[in-house]
2 protein chains.
Amino acid sequence: MKNKYGIVIHGGAGTILREKMTPETETEIRATLKQSLQAGYDLLDDGRAALDAVVAAINVMENSPLFNAGKGAVFTHDGDCEQDATIMDGTTGQAGAVAGVRQIANPINLARTVMEKSPHVLLIAGGAEQFAREQGFEMMPPEYFHTQLRRDQLKAALEKEKSSEGKDSGSITLSEDGKHGTVGAVALDKEGRLAAATSSGGMTNKRFGRVGDSAIVGAGTWADKTCAISTTGHGEFFMRGVVAYDLAVNMAYRGMTLEQAARTTVADKLDATGGTGGLIAIDRDGNFTLPYNTVGMYRGFLMPGGEPYVAIWEK
Amino acid sequence: MKNKYGIVIHGGAGTILREKMTPETETEIRATLKQSLQAGYDLLDDGRAALDAVVAAINVMENSPLFNAGKGAVFTHDGDCEQDATIMDGTTGQAGAVAGVRQIANPINLARTVMEKSPHVLLIAGGAEQFAREQGFEMMPPEYFHTQLRRDQLKAALEKEKSSEGKDSGSITLSEDGKHGTVGAVALDKEGRLAAATSSGGMTNKRFGRVGDSAIVGAGTWADKTCAISTTGHGEFFMRGVVAYDLAVNMAYRGMTLEQAARTTVADKLDATGGTGGLIAIDRDGNFTLPYNTVGMYRGFLMPGGEPYVAIWEK
């Protein structure tokens with residue numbers, strides 16, 4: 001499948017159980033994914049940059065309480081929301097990222113500002129928020145991010161942790177639902193430019209300032225002149241596997257197609273190590289792929305002449 | 001050059017000007033590099049793991065006020081020392097990292113503890129220190145890290161910043177000397193295991209919780225069953241280039257030798273983008289290389305049957 005431009009998104013992968021989801025929630029999730037696709041696609045159709053399209057698509061999911069990013073992010077052990085995000089411009093090779101920010105409604109916008117207005121790639125925690133303030137970002141109160149679903153997930157995780165014996169101070173009991181939440185988008189624009197972006201609330205009940213792959217260029221996000229990738233899953237496996245960049249060099253250094261590269265990376269870096277999750281990728285010819293090795297992945301794409309396609313479990 | 005085991009270290013690369021260094025300082029730096037090599041090598045010679053050797057070598061440089069890691073780390077804009085470190089075990093593919101820690105004498109030991117005692121890869125700032133406390137690490141007062149040299153470098157950077165016009169709130173005026181300080185070690189042990197580790201105080205006058213490549217698996221540090229790499233330089237270029245992992249896949253995916261892979265990565269990822277710095281690498285056959293594109297790089301190696309070799313400017 002070749003396309004002159006287009007956008008692919010994900011809203012997280014994991015053990016998304018059909019029986020646990022009400023028809024109302026499912027309908028709402030599918031509608032939000034479509035809205036996200038449309039927001040990004042409309043910009044591409046207007047001739048705007050891939051970079052603008054991925055930010056617009058992610059903002060829709062960050063602003064929805066249904067995804068683990070922005071409003072509706074999962075709770076840390078201490079009941080906060082600490083978010084990570086990365087953006088990369090395939091044309092320039094520039095990138096920006098933030099980790100552990102608590103007061104930013106749209107972390108991906110701050111990541112973009114880091115890329116465009118600072119000489120740095122990664123800013124963390126309070127320092128990143130000081131930068132955000134100087135750049136005119138509004139600081140949101142904790143309540144902005146909080147939802148009852150995430151509060152319940154933390155409560156369940158804490159109870160599970162309490163009841164388990166031999167607790168290691170370094171370990172974190174995870175709710176399966178909270179494990180893989182991340183949102184991401186990759187796009188190809190009419191001028192052939194590629195961009196990738198990822199935004200995440202991380203893991204339910206996370207502690208110790210844990211940062212996942214969503215803050216790391218090459219692990220959770222990559223874009224160059226050939227392809228753009230955003231991942232979602234159990235972040236530590238994606239960090240140790242440098243997953244997003246690995247897919248890119250499977251194309252660049254081993255001459256694989258996008259589809260072959262994606263399959264190889266998922267097999268070598270996730271299946272082989274016990275890592276769970278998925279990714280989305282698009283190349284300069286408009287080929288795209290959305291593999292995952294979990295029960296489901298919230299995902300979708302929109303290409304010229306087509307309707308928005310969204311899926312959760314269906315392969 | 002093939003060796004059954006051995007260790008290679010760096011103590012930072014950059015504009016290390018001969019005329020700015022007193023003979024006493026130079027003698028002391030060379031002696032500390034030798035001491036670092038010997039500390040790591042002795043363990044390898046005793047049959048200990050590559051992982052133990054890289055930590056021992058780095059601890060010597062962290063404990064010396066002469067290198068930008070541990071005691072003697074550069075000052076942030078606010079007059080603190082905020083440190084990053086990463087370690088990776090090539091045999092298991094496990095990794096641990098910390099970013100923005102202020103109270104840890106040996107950040108590389110905390111990175112190792114993250115790898116071994118937590119399910120995570122990267123912990124940041126106060127959260128990482130909370131984890132350290134629970135794991136029995138001593139919290140050091142700010143004065144432990146401070147040296148007059150670094151205080152003077154911050155003062156010079158702040159004065160330069162003050163006098164420059166059109167200051168962008170996101171920009172950081174760097175002292176050239178503070179730009180590239182990092183320490184690192186890579187080792188091959190008698191059982192053929194590889195390990196890599198990197199520890200850094202980052203950039204003089206850094207702000208906004210800036211984190212560099214020394215905290216990022218794949219950027220500043222990488223180890224697998226084929227090779228181990230630690231980098232030093234202008235971190236943002238190493239992050240955008242995923243430099244350490246790029247060298248590894250130049251070997252794995254393009255069939256290059258270690259030397260070819262290192263040259264290619266330095267050319268493609270640093271020379272081509274204006275990035276400055278260097279790296280050290282060793283492979284499973286004991287081949288090793290220490291390329292850099294700066295005026296000098298503090299570096300050295302020690303292999304069976306040889307004397308400790310240390311160098312600064314000499315090619």
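The values are calculated or read from the model by the stated rules, or taken from the named source; none is laboratory data. Fair warning: this is a prediction, and the values are worked out from it, not measured in the lab. So basically every Cβ, Gly included, is an ideal-geometry build from the backbone, and we count neighbours across all protein chains shown. Surface areas here come from the heavy atoms of the whole protein model, side chains and all, with no ligands, DNA or RNA. Shrake-Rupley method; radii C 1.70, N 1.55, O 1.52, S 1.80 Å.
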Distances in nm between the label point of B:Tyr144 (7 Å along Cα→Cβ) and its equivalents in the other copies, shortest first, are 3.7
If every Lys and Arg gets +1 and every Asp and Glu gets -1 at its Cβ, then about the Cα centre the stretch B:6-311 yields a dipole, in debye to the nearest 20, of 340
B:Ala31 and A:Gln130 label points (each 7 Å along its Cα→Cβ direction) are spaced in nm at 3.8
About its Cα centre, the protein assembly as shown carries a charge dipole, from +1 on Lys and Arg Cβ atoms and -1 on Asp and Glu Cβ atoms, whose size in debye to the nearest 20 is 440
For chain B, the percent of accessible surface on carbon and sulfur atoms (probe 1.4 angstrom, ligands and nucleic acids excluded) is 49
Sorted largest first, the Cα spans of the stretch A:57-116 on the principal axes come out in Å as 38, 22, 13
Dipole check, chain A, charges on Cβ (K,R +1; D,E -1), about Cα centroid: among A:Met303, A:Thr265, A:Pro65 the Cα furthest to the positive pole belongs to A:Thr265
FRET efficiency (B:Lys20, A:Glu259; Cβ distance; R0 41 Å; to 0.05) is 0.15
Descending packing, highest mean Cβ count within 10 Å first, for A:259-268, B:32-41, A:64-73 is A:64-73, B:32-41, A:259-268
Per-residue average of other protein chain Cβ atoms inside 10 Å, peptide B:111-119 -> 3
With the label set 7 Å along Cα→Cβ, A:Gly79 is separated from its counterparts in the other copies, in nm and shortest first, by 3.6
Taking a ≥ b ≥ c as the square roots of the eigenvalues of the Cα gyration tensor, with a/c under 1.5 meaning rounded and otherwise prolate when a/b exceeds b/c and oblate if not, the protein assembly as shown is prolate
Classified through the alpha carbon gyration tensor (a ≥ b ≥ c as square roots of its eigenvalues; rounded if a/c is under 1.5, else prolate when a/b is larger than b/c, else oblate), chain B comes out rounded
Place a point 7 Å from the Cα of B:Ala156 in the direction of its beta carbon; the residues of the stretch B:21-42 whose amide N falls under 13 Å from it are B:21-22
Residues other than B:Ala185 with Cβ under 12 Å of its Cβ, Lys/Arg counted +1 and Asp/Glu -1, net out at -1
Per-residue ellipticity at 222 nm attributable to helices in chain A (runs of n ≥ 4 DSSP H, -39500 (n - 2.57) apiece, nearest 500 deg cm²/dmol) works out to -10000 deg cm²/dmol
For A:Val295, inter-copy label-point distances (7 Å, Cα→Cβ), nm, shortest first, read 6.1
If each K or R counts +1 and each D or E counts -1, the residues other than A:Ile108 whose Cβ falls under 12 Å of its Cβ total -2
